[in-house]
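Everything below concerns the one structure shown next.
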Amino acid sequence: MKTHQFEVVVVGAGGAGLMAGLYASRTAKTAVISKLYPTRSHTGAAQGGIGAALGNYEEDHAEWHTYDTVKGSDYLGDQDAIEFMCEEAIQAVYELEHMGLPFDRTPEGRISQRPFGGHTNNETGKPVRRACHAADRTGHMILQTLYQQCLKNEVNFFDEFQVLDVLIDYGKVSGVVAVELATGEMHTFHAKAVIMATGGHGRVWEITSNAYAYTGDGTAIVSRRGIPLEDMEFFQFHPTGIYKMGILITEGVRGEGGVLLNNEGVRFMNEYAPTVKDLASRDVVSRAMYIEMREKRGIGGKRFLYLDVTPPTVNKYAEIDGRTNPDGSPIKVTGEQIMSKLPDIIDFCRTYLGVDPITQPMPVQPTAHYTMGGIPTNKFGEVVVDEKNKAFPGLYAAGEVACVSVHGANRLGTNSLLDLVVFGKHAGLRAAEFVRGADFAPLPADPTAFSREQFDRLRHGSGKENVFDIGNEMKAIMFDDVGVFRSEKGMKAALAKVNELQERFKQVNVQDSGKIFNTELLNAWEMGNLLDMAEVITASALNRKESRGGHAREDYPERDDKKWLKHTLVWKQKGKLKISYKPVVITHFKPKKRVY
Amino acid sequence: MDVTLKIFRYNPEKDQKWHYESYTLEAEPTDRVLDVLEKVKAYHDGSLSFRRSCAHGVCGSDAMRINGRNMLACKVLVKDVGNAITLEPLLGLKVIKDLIVDMEPFFDNYKKVLPFFINESPIPKDGKERIQSPEARARFDDTTKCILCAACTTSCPSFWGNEEYLGPAALVNAHRFIFDDRDESAPERLHLLSNASGVTRCHTTFNCTMACPREIQITKAIGELKLAMVTGKLE
C-alpha cells in the first residue's frame, strides 16, 4: 500500500473535476484522480452547447436565463443557486474562450449561439439563441481545453486510479482510497479536502446515452459513509436517442430547425407545446413522444419516431412558424450548412444506422441521459448533510454527481456544461480556501480496510450468479417501470426486483484473481454501485406522490406544491433507507403552471 | 448470425508468451464490435481486458487492431468487418494485458508539443471574447476533432521504427494551436517540430489518415506544418 499526501484531492477528471483541479491547484497542493484518462471523461460526449446570455445575436439577459431554468426545473431548483449560476455563466464562457476554446463564430467574430429547448425571450416566449457552441462537439472542446490548461499549469494527475472509498470519521474527511488499475495496488490519499466530481449513473437504465463509466461511483461511495443523497427520483430522459442504441442526438438538431414527426408525418409537438413546439423542455418532449407511441403513432407501430432535419423539412417548418434569420431574411438552409453545424450527428447516423440525415429522417426514442439528483451541496460546492443545509467541513462535490440544486426536477439543455464549469470552479476555490486554515485529519488505523472488504466480497461469492445477467435485469425493469412514466404498482415491483437483485449480487464470484487491469473485478464493483443507486432512485420516486419535471406519475398526474415543493434526502443506514425532506429556496419566482 | 472472434491474449501474471483465443457466439449484424467483446467478457471469459467508455466513438478508449486495421471497437459494426474478426492490441506500444497497451509514451509525446493555448496578451478591455473571424476559426477546425485515441500514431511505420518520433497525433494537436490566430506560440512550436523527432519523420504514407476514426485529414495537416516550417508563414 502506498500513501500520498495532498491538501486537496479531486475525484474525477471530467469538466467539473478539471475545473476544480485547475482552481484549487493555484494555491493548494492538489491531485486529480480518475478511473479514466481525463480526455475519456463523459463531458466529452456533450454536444449542443453551453448556456449563457451573451446576447451575441439578439437581446438576452441573465435574468431570463434564470427564469427559464427555474421554470425548466418545475420550480424545484433552488433559486439563489440558479441566479448565481446564470449570472456567472457569462463570465464563465468568456473565461473558456480566453483559455482558447474554439467556439464557432458569428460573422462579426463573436461567439456563435443557437436556440435550445426551454431557453426563451421572456417577453415574447419565443426561443432565444443562448447556447454557445463549437459545432456539435462543445463538450469535447470544453474537456480538451480544460485538460490542456491543467497540463499548462502542471496539475498532478493520477490517471486510471479507481477511487473506492472516502475516509470519513468523527465528522471529518481525511482522504480517499483508490486502486491503481495497472498494478491492482491500493493507494491512500491523505487530504484535508476532497472534491467529488465523478459524474452520474445513467447506466442504471437499458436505453442510455451514458458512457460505460457512468456507474454512480461518487454517490454510492459517499452514501456508504453516511452522507445523504438529494432528489434521486429526478432523472432526465432525453427525447432523441438513436433507436435501440440510445446514442444521443443533440437538441441542437431541433435548435437548427429539425422537427419530430409521427407515423402520419405529423409534427406532433404543436399539440403539446404550442408556443415553442419542438423546443419545449426535455421532460415535456419525452412524455409527448411516449404518448404518441402509446397511441400507435410510432413509426411502423414500433417504439420510435422520426427526427427530421432534411433541408426541405427545416425550411417548410421555419416558414410555418414564422422563424427567420437574425437579419430578418427567410430561412433557406442547405444540406451543406446542416453538415457544417452537425457533423458528428451525421457521422453517428451514417455509422450506426446507415441513415443520412441530410436526406432521410433519423429514428429516435427517449434515452436515459442526466442525473439531476446527487450529493447535496450549496452554491459554493460544499456538501450539505441535513435538512438545514449544514456544511460538512472539507467535503465538496461538483458537476453531475452534485445536486446544488440548479436543475430541480428537469434540467434545461446547455445547463449541464454550465453547471460543471461554474460549480467546479467554485468548489475548487472553496476547497483551496478551506485547506489554508485546516490541518490534516488523522488517517484511520487501517485506511484501506473497507475497500479491501468490498473487493473480498466480490471474490468469495458462490458464483451462482452472473454480474451481467443481474445488470441486464436491473436495466430492463428500471427502463420500463422507473422511466419516463411511473406508477405505484410498477415502482413497487421494481423496488422488489432491485432488492432481489441486490441479494443475488452476493452470489457473484469474480473469476479473474489477477492484480493487473482486473476489469472484471472493477466492473463488478461498479455494478454494486448501480444497484445501490437503482434502489435509492426507486424508493425516492415511490415516496413522491405527485408529477414534477422528469418524475411523471400516472397515478398522480398533477404537480402538488402544497405537499411536495421540497427536496428529497435519502440516507442509507445499516442497510435501510431513511427518507426526509428539506425546503426549496424561492427568491423571485413564485411557482405557477408550467406551459411551453 | 454466428461470429468468430480471434482475440490476442496476454496475461503478464500467468502467460510466458502471448497467444490467440477464439470465441464463437451469436451477434446481430448491426452490433458494434465492442458489443460482441462485452458478450465474450460476460459469458466466455471475464478476465478478458480492454478499455472502453462512451461506446460511440468520442472518448477514444477502445482503439485496437480489427482485422489488421486500427479502429475504435465501438465505431465499427459486425456487418462491416464480417463474421471472422481478429482483434489485437495497437502496435508500437507495450502490451500490458490482452488488448490494453501502455498509453504513457503516447501521452508523453502529446505533452511535448505545448498542447495548450498560449496568449499572454491582455484580454479585451470589456472582458469579453477575443474576436476571431469564422474563416480564421475554420482554418484549424479539422484538427480540433482529435480524441487522442492513438489509432493514427500506432498505424505509422515511422513511429514503429523510432519511438522518439512524436507521431501524427501530437502533430495534429500542434497544428490545432499553430493555426489558431489567437495563439501566440506558433514559432516556438514550429521550432520544436523541426528537430529529428518532428515532422521530418513523416514520410506521407497516409496510414494515419486512413486510421483516424474522426476522419481528420492528418497527412494534410502535417503537410501544412512542413510548409509553414519552410516558408515561415502560416497560410
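Rule-based calculations on the coordinates, nothing more; no lab input. What you see is a predicted model; the values in this text were computed from it and never measured. Positions of Cβ are generated from backbone atoms using ideal geometry, with glycine treated the same way; all protein chains shown enter the neighbour counts.
Residues of A:98-106, mean number of Cβ from any other protein chain within 10 Å of their own Cβ, rounded to a whole number?
Average per residue, whole number: 6.
What is the calculated FRET efficiency for B:E104 to A:K2, with r their C-beta to C-beta distance and R₀ = 22 Å, to the nearest 0.05?
The value I calculate is 0.75.
Sort A:H426, B:H203, A:H407, A:H190 so that the residue with the fewest other Cβ atoms within 10 Å of its own Cβ comes first and the one with the most comes last.
Ascending number of Cβ neighbours within 10 Å: B:H203, A:H190, A:H426, A:H407.
What FRET efficiency would be calculated for the residue pair A:K515, A:A445, taking the C-beta separation as r and a Förster radius of 22 Å, to the nearest 0.05?
Approximately 0.35, to the nearest 0.05.
Kindly provide the helix-only [θ] at 222 nm of the protein assembly as shown, computed as the sum of -39,500 (n - 2.57) over DSSP H runs of four or more divided by all residues, to the nearest 500 deg cm²/dmol?
So the helix-based figure for the protein assembly as shown works out to -10000 deg cm²/dmol.
Holding the Cα-Cα limit at 30 Å, pick out from A:K2/A:K576; B:K111/B:K220; A:K464/A:K545; A:K464/B:K79; A:K172/A:K592 the pairs that are longer than that.
Distance filter (> 30 Å) returns A:K2/A:K576; A:K464/A:K545; A:K464/B:K79; A:K172/A:K592.
Would you calculate the separation in nanometres between label points at B:K17 and B:T30, each defined as 7 Å from the Cα along the Cα-to-beta-carbon direction?
4.4
Skipping prolines and chain starts, which residues have an amide H placed within reach, meaning under 5 Å, of the one on A:T3, given they are 5 or more residues away or on another chain?
Long-range HN contacts for A:T3: A:T188.
Work out, step by step, the length gained on full extension between A:K302 and A:D555: first 0.36 nm times the residue separation, then minus their alpha carbon distance; give nm to one decimal.
Gain on stretching A:K302 to A:D555: 88.5 nm.
Kindly rank A:531-538, A:376-383 from highest to lowest mean number of other beta carbons found within 10 Å of each residue.
Result, highest mean Cβ count within 10 Å first: A:531-538, A:376-383.
How much length would be gained if the chain were fully extended between A:R436 and A:K566, taking 0.36 nm per residue of separation minus their Cα-Cα distance, in nm to one decimal?
On the way: separation 130, 0.36 × 130 = 46.80 nm, distance 3.53 nm.
Contour length minus the Cα-Cα distance gives 43.3 nm.
May I ask you to evaluate 6.51 cos²θ - 1.76 cosθ + 1.60, the Karplus curve with θ = phi - 60°, for each residue of the stretch A:189-205 and list the ³J(HN,Hα) values in order in whole Hz, giving x for glycine and proline?
For the stretch A:189-205, the Karplus curve yields 10, 7, 8, 8, 9, 10, 10, 8, 8, 9, x, x, 9, x, 6, 5, 9 Hz.
Ranked by Cβ crowding within 10 angstrom, fewest neighbours first, how are B:Y165, B:Y43 ordered?
Taking fewest neighbouring Cβ atoms as first place, the list is B:Y43, B:Y165.
Between B:K94 and A:T275, with labels modelled 7 Å along Cα→Cβ, what's the label distance in nm to one decimal, could you check?
6.2
Apply the a/c threshold of 1.5 to the C-alpha gyration tensor of the stretch B:142-234 and tell me whether it is rounded, prolate or oblate.
Values: a/c = 1.85, a/b = 1.29, b/c = 1.43.
Oblate is the answer for the stretch B:142-234, as a/c is 1.5 or above yet b/c matches or exceeds a/b.
Filter the trypsin sites (Lys or Arg not before Pro) in the stretch A:462-498 down to the DSSP loop ones having no more than 16 other Cβ atoms within 10 Å, then list what survives.
A:K464
Among B:93-103, A:50-60, how do they line up from the highest to the lowest mean number of other beta-carbon atoms within 10 Å?
Ranking the peptides B:93-103, A:50-60 by packing returns A:50-60, B:93-103.
Could you pull out the GluC sites (Glu not before Pro) across the stretch A:72-146 that fall in loop regions by DSSP (anything but H, G, I, E, B) with no more than 12 other Cβ atoms inside 10 Å?
A:E108, A:E123
So what's the net charge close to A:K2: Lys and Arg +1, Asp and Glu -1, counting the other residues with Cβ under 13 Å from its Cβ?
Local net charge: -2.
Are there chymotrypsin sites (Phe, Trp or Tyr not before Pro) in the stretch A:121-206 that DSSP marks as loop and that have at most 13 other Cβ atoms within 10 Å, and which are they?
Sparse-neighbourhood loop chymotrypsin sites (Phe, Trp or Tyr not before Pro): A:Y170.
Determine the shielding of peptide B:127-139 by partner chains: average, over its residues, the number of Cβ atoms on other chains within 10 angstrom of each Cβ.
6
Is any residue of the stretch A:63-83 close enough, with backbone N under 20 Å, to a label point placed 7 angstrom from the Cα of A:N389 along the Cα-Cβ axis, and if so, which?
Hits in the stretch A:63-83 for A:N389 at 20 Å: A:63, A:66-83.
Add +1 for every Lys or Arg and -1 for every Asp or Glu among the other residues with Cβ under 9 Å from the Cβ of A:I111, and state the total. Provide the component values of the computation, followed by the final result.
Numbers: positive: A:R105, A:R110, B:K128; negative: A:E97, A:D104, B:E129.
So the environment of A:I111 carries a net charge of 0.
I'd like the FRET efficiency for B:F206 and B:E164, computed as 1/(1 + (r/R0)^6) with the beta carbon distance as r and R0 of 30 Å, rounded to 0.05.
That pair, B:F206 with B:E164, gives E of 0.90.
Answer rounded, prolate or oblate for the protein assembly as shown, using the Cα gyration tensor with square roots of eigenvalues a ≥ b ≥ c: rounded when a/c is under 1.5, else prolate when a/b is larger than b/c, else oblate. Walk me through the numbers before you get to the answer.
Values: a/c = 1.23, a/b = 1.05, b/c = 1.17.
Cα axes put the protein assembly as shown in the rounded bin.
Going by how many other Cβ atoms sit within 10 Å of their own, how do A:M85, B:M1 line up, fewest first?
Working: A:M85 28, B:M1 10.
Listed from fewest to most nearby Cβ atoms, that is B:M1, A:M85.
Going toward the positive end of the dipole of the protein assembly as shown, with +1 on Lys and Arg Cβ and -1 on Asp and Glu Cβ, which of A:G118, A:N509, A:Y317 do you reach last?
A:N509
Please list, in chain and number order, the residues 5+ apart from B:S61 or on another chain whose amide H is under 5 Å from its amide H, with Hs placed from the backbone.
B:S53, B:C54
How about A:K489: which aspartates and glutamates have a C-alpha closer than 19 Å to its C-alpha, ignoring those fewer than 8 places off in the same chain?
Cross-link targets: A:E233, A:E473, A:D480, A:D481, A:E500, A:E535, A:E546, A:E554, A:D555, A:E558.
Enter the mean number of other protein chain beta carbons within 10 Å of the beta carbon of each residue in A:38-44, as an integer.
Rounded to a whole number, the mean comes out at 5.
Specify whether the C-alpha gyration tensor of the stretch B:88-196 places it in the rounded, prolate or oblate class, a ≥ b ≥ c being the square roots of the eigenvalues: rounded for a/c under 1.5, otherwise prolate if a/b is larger than b/c and oblate if not.
Cα axes put the stretch B:88-196 in the prolate bin.
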